[in-house]
1. How many residues does the stretch 179-200 contain that are at pLDDT 95 or above and either among the hydroxyl-bearing types (Ser, Thr, Tyr) or more than 16 Å from Phe154 (Cα to Cα) (or both)?
2. Out of everything in the stretch 148-191 that is among the acidic types (Asp, Glu) and assigned to a strand (DSSP E or B), what residue ends up being nearest to Thr216 (Cα to Cα)?
3. Name the residue that is farthest from Val188 (Cα to Cα), counting only residues in the stretch 140-153 that are free of Cβ contacts under 8 Å to residues at least 24 places away in the same chain and out of contact with any Asp or Glu (no Cβ under 6 Å at 6 or more places or on another chain).
4. May I ask you to verify whether Phe87 is in contact (Cβ under 8 Å) with a residue 24 or more places away in the chain, aromatic (Phe, Trp, Tyr) and surrounded by fewer than 16 Cβ atoms within 10 Å (Cβ to Cβ)?
5. Take the residues in the stretch 234-251 that are farther than 14 Å from Thr63 by Cβ and in contact with a Lys or Arg (Cβ under 6 Å, 6 or more places away or on another chain); name whichever of them is surrounded by the most Cβ atoms within 10 Å (Cβ to Cβ).
6. Pick out the one residue from Val127, Val193, Val205 that is surrounded by 12 or more Cβ atoms within 10 Å (Cβ to Cβ), under 14 Å from the mean Cα position of the chain (by Cα) and hydrophobic (A, V, I, L, M, F, W, C).
7. Tell me, which residue of the stretch 214-231 that is surrounded by fewer than 19 Cβ atoms within 10 Å (Cβ to Cβ) and among the polar types (S, T, N, Q) is nearest to Ser164 (Cα to Cα)?
8. From the list Leu68, Leu55, pick out the single residue that is of a type outside the set (Lys, Arg), in contact with a Lys or Arg (Cβ under 9 Å, 6 or more places away or on another chain), at pLDDT below 95 and in a strand (DSSP E or B).
Amino acid sequence: MQAIKWVKGLDTLTRTMKLVGFIALIAGGYSPPALAQSESEVSLPPPFIAKYDALRHDKKIGTASLSLSLVASSTYKLDYQSKVSRFFLSDKRYETSFFNYNAGIITPTKYEFARKGTGPNKSLKVVFDKKKQEIKINKSETLKWEGEYDNQLFRIDISRQLVSGKNQFDYKFLNYRGEKRSYSIEVVKTETVDLPFGQLEAIKVKVNRDSNKRQTYAWFAPSLDFVLVRLQQFKEGEEQGDIQLSSYTKQ
């Protein structure tokens with residue numbers, strides 16, 4: 001029985017961590033404009049810190065945080081951390097992105113990922129070489145750079161697209177395993193959501209993957225600079241996890 005409980009707990013933790021880690025693809029924030037703007041007119045969000053609760057069937061099992069900071073002229077740093085535990089299992093994840101922003105264009109320069117906890121530890125270091133148009137992975141593998149973002153920069157750009165008034169858009173990115181992937185984002189509707197932060201009106205979007213096994217929905221609040229306020233995932237109709245905003249602070 002103990003072995004069965006351990007396996008079930010590990011499976012639940014793994015599924016929830018996939019969702020918590022998915023925040024690194026789609027969170028972000030922008031000052032809401034009076035009218036939709038072109039993509040080049042939409043600036044980056046002001047530096048911020050967003051914190052989230054990770055839930056499983058309405059029970060809190062962890063936390064996550066996301067922060068954006070300006071480190072030099074036109075150079076930004078995006079940090080993500082999460083910690084989830086269930087029974088005697090644990091999972092901690094860290095992601096850091098450095099990128100440049102010029103003339104409405106986001107260009108990744110460096111990305112790092114680390115995972116610690118129950119099971120094997122994992123890490124990844126990626127350098128985006130603009131001159132050679134290459135992606136260097138762990139100093140040992142090189143891929144052709146075809147405009148992919150790193151695993152985090154969706155959190156910056158998806159809000160830009162919403163501010164611009166777009167209802168459907170696509171992304172190419174390199175995930176935390178060093179694999180090229182793609183997603184399609186589709187606006188569903190605007191609705192009110194109840195969160196640890198409070199009640200907010202938010203734009204609900206659907207994330208369409210290469211695989212149809214999982215359904216992922218995300219909510220962005222115009223009143224909070226279009227920051228991600230909720231992320232919920234289902235597999236075959238069963239909830240895998242629910243990430244909800246607990247606090248948001250401009251720096």
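1. The number of residues fulfilling the criteria is 13.
2. So in the stretch 148-191, the residues among the acidic types (Asp, Glu) come out as 148, 150, 157, 170, 179, 186, 191.
Narrowing the set further to residues that are assigned to a strand (DSSP E or B) leaves 170, 186, 191.
Values: Asp170: 15, Glu186: 11, Glu191: 16 Å.
Here the answer is Glu186.
3. Start the filter on the stretch 140-153 by keeping residues that are free of Cβ contacts under 8 Å to residues at least 24 places away in the same chain, which leaves 140, 142, 144-145.
When the remaining residues are screened for being out of contact with any Asp or Glu (no Cβ under 6 Å at 6 or more places or on another chain), the result is 140, 144.
Details: Ser140: 41, Lys144: 34 Å.
This residue is Ser140.
4. Details: in contact (Cβ under 8 Å) with a residue 24 or more places away in the chain: yes; aromatic (Phe, Trp, Tyr): yes; surrounded by fewer than 16 Cβ atoms within 10 Å (Cβ to Cβ): yes.
Yes.
5. Only one residue tops the list, namely Gln240.
6. Working: Val127 fails: under 14 Å from the mean Cα position of the chain (by Cα); Val193 fails: under 14 Å from the mean Cα position of the chain (by Cα).
Just one listed residue meets the conditions, Val205.
7. The first filter runs over the stretch 214-231 and keeps only residues surrounded by fewer than 19 Cβ atoms within 10 Å (Cβ to Cβ), leaving 214-215, 217, 223.
Next, only the ones that are among the polar types (S, T, N, Q) stay: 215, 223.
Working: Gln215: 25, Ser223: 16 Å.
The residue in question is Ser223.
8. On the way: Leu55 fails: in contact with a Lys or Arg (Cβ under 9 Å, 6 or more places away or on another chain).
Only one candidate qualifies: Leu68.
The values are calculated or read from the model by the stated rules, or taken from the named source; none is laboratory data. All of these numbers come straight from a predicted model, not from anything done at the bench. Methodologically, a virtual Cβ is constructed for each residue, glycine included, from the backbone with ideal geometry; neighbour enumeration extends over all protein chains shown.
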